[in-house]
4 protein chains.
Amino acid sequence: MKAVVLEAPGRASLATVAEPQTHRDDEVLLRVRKIGLCGSDLNSFRGRNPLVTFPRIPGHEVAATIAELNPKYPDWLPGMDVTLSPYTNCGRCASCLRSRPNACQFNETLGVQRDGALTEFITARVDRLYRANLSLKQLCLVEPLTVGFHAAARGRASAGEPVAVFGCGGVGLGAVAGCAFRGATVIGLDLDDDKLAIARKAGATHIVNTAQADVKKELAELTNGRGPDVIIEAIGLPHTFRAAVELVAFTGRVVYIGYAKEEVAYETRLFVQKELDILGSRNALPGDFRDVIRMLEADRFPVDEAVTHVVPMEEVPGILDAWSREPARFSKIMINVS
Amino acid sequence: MKAVVLEAPGRASLATVAEPQTHRDDEVLLRVRKIGLCGSDLNSFRGRNPLVTFPRIPGHEVAATIAELNPKYPDWLPGMDVTLSPYTNCGRCASCLRSRPNACQFNETLGVQRDGALTEFITARVDRLYRANLSLKQLCLVEPLTVGFHAAARGRASAGEPVAVFGCGGVGLGAVAGCAFRGATVIGLDLDDDKLAIARKAGATHIVNTAQADVKKELAELTNGRGPDVIIEAIGLPHTFRAAVELVAFTGRVVYIGYAKEEVAYETRLFVQKELDILGSRNALPGDFRDVIRMLEADRFPVDEAVTHVVPMEEVPGILDAWSREPARFSKIMINVS
Amino acid sequence: MKAVVLEAPGRASLATVAEPQTHRDDEVLLRVRKIGLCGSDLNSFRGRNPLVTFPRIPGHEVAATIAELNPKYPDWLPGMDVTLSPYTNCGRCASCLRSRPNACQFNETLGVQRDGALTEFITARVDRLYRANLSLKQLCLVEPLTVGFHAAARGRASAGEPVAVFGCGGVGLGAVAGCAFRGATVIGLDLDDDKLAIARKAGATHIVNTAQADVKKELAELTNGRGPDVIIEAIGLPHTFRAAVELVAFTGRVVYIGYAKEEVAYETRLFVQKELDILGSRNALPGDFRDVIRMLEADRFPVDEAVTHVVPMEEVPGILDAWSREPARFSKIMINVS
Amino acid sequence: MKAVVLEAPGRASLATVAEPQTHRDDEVLLRVRKIGLCGSDLNSFRGRNPLVTFPRIPGHEVAATIAELNPKYPDWLPGMDVTLSPYTNCGRCASCLRSRPNACQFNETLGVQRDGALTEFITARVDRLYRANLSLKQLCLVEPLTVGFHAAARGRASAGEPVAVFGCGGVGLGAVAGCAFRGATVIGLDLDDDKLAIARKAGATHIVNTAQADVKKELAELTNGRGPDVIIEAIGLPHTFRAAVELVAFTGRVVYIGYAKEEVAYETRLFVQKELDILGSRNALPGDFRDVIRMLEADRFPVDEAVTHVVPMEEVPGILDAWSREPARFSKIMINVS
């Protein structure tokens, strides 16, 4: 069967690989239909993800159709469209014991530590599958949105609270939608007016272009001078990491989703004086998948605007190359597999 | 009446000041009996607390006796021994609106932004008073212990969880006792064997002398290799701030009580990868006062070991001077006022 | 000044009473503008509230204007429109110590245990006041809506969860709005199509007329057969009390706001087998007032439909009489005081 | 291999049954070492459990030794002693979706809906196993204690809070130990002085013999007149079900573990006026198993006093018969299987 394979840093190709032969008795065989690409796939292509070895099949944002009945799971019928959670968890680390498998110390994500889904058939554990009244395109957006929804949950974004989301790209857009889903008053911040326009459609009631505005002043005006109750950082730069701590309200919550490449130096006095909660957010939990599905089923997300490129499998090597050269030109790329 | 007055940085004197004449109708008049000194009083004496202007009467750890009946509050009778919460709160900032007055943006602490209790009579709001079946010496220890109890609560230290407390001085000792009160398995860490011995009496089941031990190895051994579920930092140095984040378990909680004087540079990747909660802890809430009182009433704290010096009011200027020159020689100083 | 006075069960009159002469130093003088009536006022009029003695001035749903400056509270200026929380709390009972003053064992509500606001001037504690960008009519609706908002909070109604509200009268309507504010999917149930129509405007996405529908079947259909995650009972009949426990999902939450006049016999096996949370909900907390204000400021409540009668003070005795005879004919009565 | 089989209501026999032949790839083979009997086993024997059909092998309190390596789980080695969670869960019901598999709508408990462990060999899912530094006798007590620990968790019994446990038999004893483990001040109530004496060893700081004392007065005296913050009902009678609601503090929590055979008629006014949480508690979660193991490892439970009878497998039919005739004569029966 066909697959896209990352051969080496900067080099991808369309290859022929063996079909899955057998599978564990808690798995089913899936025909892959659509795959979304995200920033971590670009990182893998560029050879910048230390967890990826080559060759590696990428792809963890999946819309698929069940290809075969596993007689132990008669509810999951051939022909059903599903999406899936691409994570594993060990069951024994501190995170797993605390019922937070999303942060498993030994997690292996599809397309990162193990081969991904950018191929024609895969096997997947039944307890990782989600079905929904959604189109394949919507199903393929579930997983990327869960990351922002999980950040909204980590931040305990609540009805009526002003929440600022720094960065309205893929992950930030999910955080905007997740906070709006929870009833918060969402302020989206970005440099890019197009992304801000989509953020508004995803639920931001206020948007701030950080290239033009005095962010501190705008946030103060929108929050009676108190600052947002929650700030979700979805950019990954040291100065926005610090700004989140400085601009959030007293006893507010700061959520970090991304990785800053350099160390971040903090005035930790603010942690204590404001009595902050500073919260990492990693991957997502089953409840996040269900919440995203509910939101998409209620048609509350601008699916078409959010997906900027749809291409066939054959074009993936070329588009990875183009994306790597001009990252800002691409937002969400979706691949029609079959 | 007599009072100790900080006249200028490094200079304290015993002075005569006017007695409180009138008071708000929600206040009562108190005769001060004992006052404890803490590190923040030393800071004020040294002129290093930017919130303190001179002259200033210090003192916020108070054991007192009600001196006069306020007829609106017939439950609070003259002769009753009490302690008090030394904080004010504005009622309108983000912290107050979130029912977290301990972190009020406009808090004024007794002895810091307003004159303190190191004098013969003070007035205090009735809703800031606590009575208990405790001696004056115990009452005088309530407030300093609340700070560590609040940190234990912020860290959600839970029964059976391994919790490490970095620093077993005044504040850290309260954190040790607070975590033990909540049923956690407490590991006390300090450079000083005497402090560790008291920590053990306050509830630490394990102690680690950081001058001699490989901290990472010891903590790993005590926690099945996972690291403590909670680390409470009560030292205030950049390297212990960072170590807390590095050594805590996946999905663990790090609590900061103190202020690091310099910026702290973090590898923020750990915030996300471990999905940590990093939590500031400031002052204390009414529930913390009640918990400390319950613990002291149950006689579960080594009061006599924890108070190292007891002096009359006249000796305060001298002992402040001595403390400033040799901070390590003093632990908890308590003053007999009347 | 004028006041409406309940003289005896079934008898109200417009009377002249003394103006407030002095007030505590934490209070301000208010000119009353509008008063809403609720079912508990009707109960008091009928002599069915054992907490009410006669004569008594009713009225606890208040829109007022600050009449005089209290120099200790310079933020609260004469001319400002406000609403207020009509409760007191003792500060010492189990509820108060748990920061749940809404359920104070010794609460005294305006118009119940002490004279209410259906008069020209009242005094009120500053920390019970709320200002907002709202009309007087909206301000007067804040308090009645808080009761349902508090029930939504007690039930932890969450984004995306199906929540059923039994009874869409005054209190139930607030619960519908409160659950919708929190992002839940609200199912409103009532016998009366008019009330259901208003419930829809207040945020119910589904409505069920219980006179015509098979409630069990409808709720099952709307919830994939699982039952609602939360059921809020706002009727007060034994059979709806029981139905809530029978129809709620496994591990769901049942909230009771009202009082059933008779004992309710339960099959308690369901409490355990479903591992339910059965939660009383009483009065409201400051956060509920702020949430209602946010919702009304966002213009998300059908204020005009919800208020069915607006009358001058002179007509109150007559309308109480009419209401007592034909309760079903009246929904929310609002009185223009000045 | 040998097994005890319930043949029909009131009739048990020692029989020969087939050994487990194959097992799912997520299971291991266990040699059963000890089995505890609990009240539900007696119910099954008597034919009073509608979920049990005959013939049925009982037994869900298990100490076992791993008999064979499953190569997929190299951490679980032959010779290891383990205990296990006897529940299944469906993964799709409301409870499972809410991460509360203990209350799965379609749970099948070992020895109830499917054959149990009172035989020589069983297979068990690896993710249901727990290992510990415990003797076989202690391992065999883990599961019964988890039921009370779960109730303590459901009640959110907290450090310093007074908690009353109604009934100090098997389940109640676990609740006493669980509340003590969480730092609560535990008041044990029972008719039987022997059980109260064991409750004291399990962590109750106060005991009340309900045959002799005025329970209301005693509880009031022990709680400053407020009533316990939490009451856990582990008896199952209508009048103790009601008493829990009447005696608990305002805004307190009532937890029900057991089943009252008849309907219970409540004055529901108390639910609302006190703003109670009334909470069912069913089975246990993985965290409860880990907490019980920690407690037993810390040697904080009177294992020998709690187990009143130890018998070989051959005597089970006889002892079931004796137990059924004189239930009060037996407390915890433990069976040596191999």
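Quick one: C:Ile232 ticks every box in (1) more than 9 Å from chain D (Cβ to nearest Cβ); (2) open to solvent by less than 30 Å² (accessible area, probe 1.4 Å); (3) over 20 Å from the mean Cα position of the chain (by Cα) except a single one, so which number is it? Status for C:Ile232: all satisfied but (3). Within the stretch D:216-228, the residues that satisfy the criterion of being buried (at least 18 other Cβ atoms within 10 Å of the Cβ) and within 14 Å of chain B (Cβ to nearest Cβ) are D:Leu222, D:Thr223, D:Arg226. Just one of (1) within 19 Å of A:Leu279 (Cβ to Cβ); (2) touching a residue at least 24 places away in the same chain (Cβ under 8 Å) fails for A:Leu237. It is (2). C:Gly172 falls short on exactly one of the conditions (1) open to solvent by less than 20 Å² (accessible area, probe 1.4 Å); (2) within 14 Å of another protein chain (Cβ to nearest Cβ), and that condition is (2). Does D:Gly178 satisfy the criteria of being without any contact (Cβ under 8 Å) to a residue 60 or more places away in the chain and open to solvent by less than 30 Å² (accessible area, probe 1.4 Å)? Answer is no for this residue. Within the bounds of the stretch D:196-209, is there any residue that is in contact with a Leu (Cβ under 8 Å, 6 or more places away or on another chain) and modelled with pLDDT under 95? No, because not a single residue in the stretch D:196-209 is in contact with a Leu (Cβ under 8 Å, 6 or more places away or on another chain) and modelled with pLDDT under 95. Check the stretch A:149-159 and report whether any residue there is open to solvent by less than 40 Å² (accessible area, probe 1.4 Å), in contact with a Cys (Cβ under 7 Å, 6 or more places away or on another chain), within 14 Å of another protein chain (Cβ to nearest Cβ) and among the small types (Gly, Ala, Ser). Yes, some residue in the stretch A:149-159 is open to solvent by less than 40 Å² (accessible area, probe 1.4 Å), in contact with a Cys (Cβ under 7 Å, 6 or more places away or on another chain), within 14 Å of another protein chain (Cβ to nearest Cβ) and among the small types (Gly, Ala, Ser). For the stretch C:131-145, a residue qualifies if it is crowded, with 19+ Cβ neighbours inside 10 Å and of a type in the set (S, T, N, Q), and exactly one does: C:Gln138.
The criterion of at least 3 residues that are in contact (Cβ under 8 Å) with a residue 12 or more places away in the chain, open to solvent by 10 Å² or more (accessible area, probe 1.4 Å) and on the phi < 0 side of the Ramachandran plot is met by the following strands (runs of 3 or more DSSP E) wholly inside the stretch C:42-130: C:121-125. In summary, B:Ile232 fulfils each of the numbered conditions (1) among the aliphatic types (A, V, I, L, M); (2) at pLDDT below 95; (3) closer than 25 Å to A:Leu279 by Cβ with the single exception of condition (2).
Condition check ((1) at positive phi; (2) in contact (Cβ under 8 Å) with a residue 24 or more places away in the chain; (3) more than 17 Å from the chain's Cα centre (by Cα)) across all residues:
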| position | (1), (2), (3) |
| --- | --- |
| B:Pro302 | no, yes, no |
| B:Val316 | no, yes, yes |
| B:Ala322 | no, no, yes |
| B:Ser338 | no, yes, yes |
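Here is the figure for the stretch C:271-300: residues that are at positive phi and among the β-branched types (Val, Ile, Thr) total 0. Restricting the stretch D:3-28 to residues that are within 14 Å of chain A (Cβ to nearest Cβ) and outside any strand (DSSP E or B), the residue that is most open to solvent (accessible area, probe 1.4 Å) is D:Thr22. For C:Gly160, the conditions (1) modelled with pLDDT of 95 or more; (2) within 24 Å of C:Gly287 (Cβ to Cβ) all hold with the exception of (1). D:Arg31 passes every criterion in (1) within 11 Å of another protein chain (Cβ to nearest Cβ); (2) surrounded by fewer than 23 Cβ atoms within 10 Å (Cβ to Cβ); (3) not in a loop (DSSP other than H, G, I, E, B) apart from (1).
Quick check: is even one residue across the stretch A:106-121 within 11 Å of another protein chain (Cβ to nearest Cβ) and under 28 Å from A:Arg56 (Cα atoms)? The answer is yes, given that some residue of the stretch A:106-121 is within 11 Å of another protein chain (Cβ to nearest Cβ) and under 28 Å from A:Arg56 (Cα atoms).
What pairs come up if the first residue lies in the stretch A:191-215 and is closer than 10 Å to A:Cys168 by Cβ and open to solvent by 30 Å² or more (accessible area, probe 1.4 Å), the second is assigned to a loop (DSSP other than H, G, I, E, B) and among the β-branched types (Val, Ile, Thr), and their beta carbons are under 7 Å apart, counting only those six or more places apart or on different chains? As it stands, the answer is A:Leu191/A:Thr210, since those pairs meet every condition given.
The values are calculated or read from the model by the stated rules, or taken from the named source; none is laboratory data. It should be emphasised that the depicted structure is a prediction, and the values quoted were computed from it without experimental measurement. Cβ coordinates were reconstructed from backbone atoms using ideal geometry, including for glycine residues, and neighbour counts include every protein chain displayed. These area figures cover heavy atoms from the full protein model, side chains too; ligands, DNA and RNA do not enter into them. Shrake-Rupley method; radii C 1.70, N 1.55, O 1.52, S 1.80 Å.
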